[in-house]
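Enquirer: Would you mind keeping the following structure in view while I ask a few things?
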Amino acid sequence: MANTSREEAADEKTSLERLTALAEESNELARIVAANPSISVSLLRVLSRSEDEETRKNVALNPFAPYDVLSRLESQFSELFLNNPAFKSYNSLRP
């Protein structure tokens, strides 16, 4: 796998269409895409169901992961859930 694919997967300027294609190529690229802050919510949802644990962990750490995704992953990665910057935002909304 060329460095360029890994660089594209990490690049915030990579199109959502290309990120989706990269995530489908390999677990290694899916892990990088899952950490990309420009990833779409729909792709985060797909990757949150990945069989690859590292991909799911990166979804749990993505600051743009929606609450429903984070709450589903919380039982698998509770320590990561608490470290996600989005958790603080969601938690502050709770009464």
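Enquirer: Quick one: which of S5, S50 is touching a helix residue (DSSP H, G or I) at 6+ places or on another chain (Cβ under 7 Å), assigned to a loop (DSSP other than H, G, I, E, B) and touching a residue at least 12 places away in the same chain (Cβ under 8 Å)? Write out each step before concluding.
Expert: Working: S5 fails: assigned to a loop (DSSP other than H, G, I, E, B).
S50 is the lone residue from the list that is touching a helix residue (DSSP H, G or I) at 6+ places or on another chain (Cβ under 7 Å), assigned to a loop (DSSP other than H, G, I, E, B) and touching a residue at least 12 places away in the same chain (Cβ under 8 Å).
Enquirer: Still on this structure, please answer the following. Within the range 11-42, how many residues turn out to be within 11 Å of the chain's Cα centre (by Cα) and surrounded by fewer than 16 Cβ atoms within 10 Å (Cβ to Cβ)?
Expert: The number of residues fulfilling the criteria is 5.
Enquirer: Given the options F81, F87, F64, name the one that is modelled with pLDDT under 95 and not in a helix (DSSP H, G or I).
Expert: Just a single option satisfies the conditions, and that option is F64.
Enquirer: Evaluate the range 44-55: report whether one residue or more is within 11 Å of the chain's Cα centre (by Cα), of a type in the set (D, E) and modelled with pLDDT of 90 or more.
Expert: Yes - at least one qualifying residue is present in the range 44-55.
Enquirer: Continuing with the same structure: For the range 1-54, what are the residues that are of a type in the set (D, E, K, R), within 16 Å of L73 (Cβ to Cβ) and out of contact with any Ser or Thr (no Cβ under 7 Å at 6 or more places or on another chain)? Steps first, answer last, please.
Expert: The initial filter retains those residues of the range 1-54 that are of a type in the set (D, E, K, R), namely 6-8, 11-13, 17-18, 24-25, 28, 31, 45, 49, 51-54.
Next, from what is left, pick out any that are within 16 Å of L73 (Cβ to Cβ): 31, 45, 49, 51-54.
Scanning the range 1-54 gives R45, R49, E51, D52, E53, E54.
Residues are listed down the side, and each one gets a yes or a no for (1) surrounded by 15 or more Cβ atoms within 10 Å (Cβ to Cβ); (2) among the hydrophobic types (A, V, I, L, M, F, W, C); (3) in contact with a His (Cβ under 6 Å, 6 or more places away or on another chain):
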residue	(1), (2), (3)
L44	yes, yes, no
T55	yes, no, no
N58	yes, no, no
P63	no, no, no
R72	yes, no, no
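Enquirer: Give the range 26-38 a look and list any residue that's within 15 Å of E54 (Cβ to Cβ) and not polar (S, T, N, Q), or say none.
Expert: Passing the criteria: E28, L29, A30, R31, I32, V33, A34, A35.
Enquirer: Do any residues in the range 66-80 that are within 17 Å of S42 (Cβ to Cβ) and of a type in the set (A, V, I, L, M) have Cβ atoms under 8 Å from those of residues that are surrounded by 12 or more Cβ atoms within 10 Å (Cβ to Cβ) and at pLDDT below 85, where the two are at least six apart or on different chains, and which pairs are they?
Expert: Filtered contacts from the range 66-80: L70/F81; L70/N84; L70/A86; L70/F87; L70/Y90; L73/L80; L73/F81.
The values are calculated or read from the model by the stated rules, or taken from the named source; none is laboratory data. This structure is a prediction, so every number in the text was calculated from the model and none was measured. Glycine also receives a Cβ, built like all others from the backbone with ideal geometry; neighbour counts cover every protein chain displayed.
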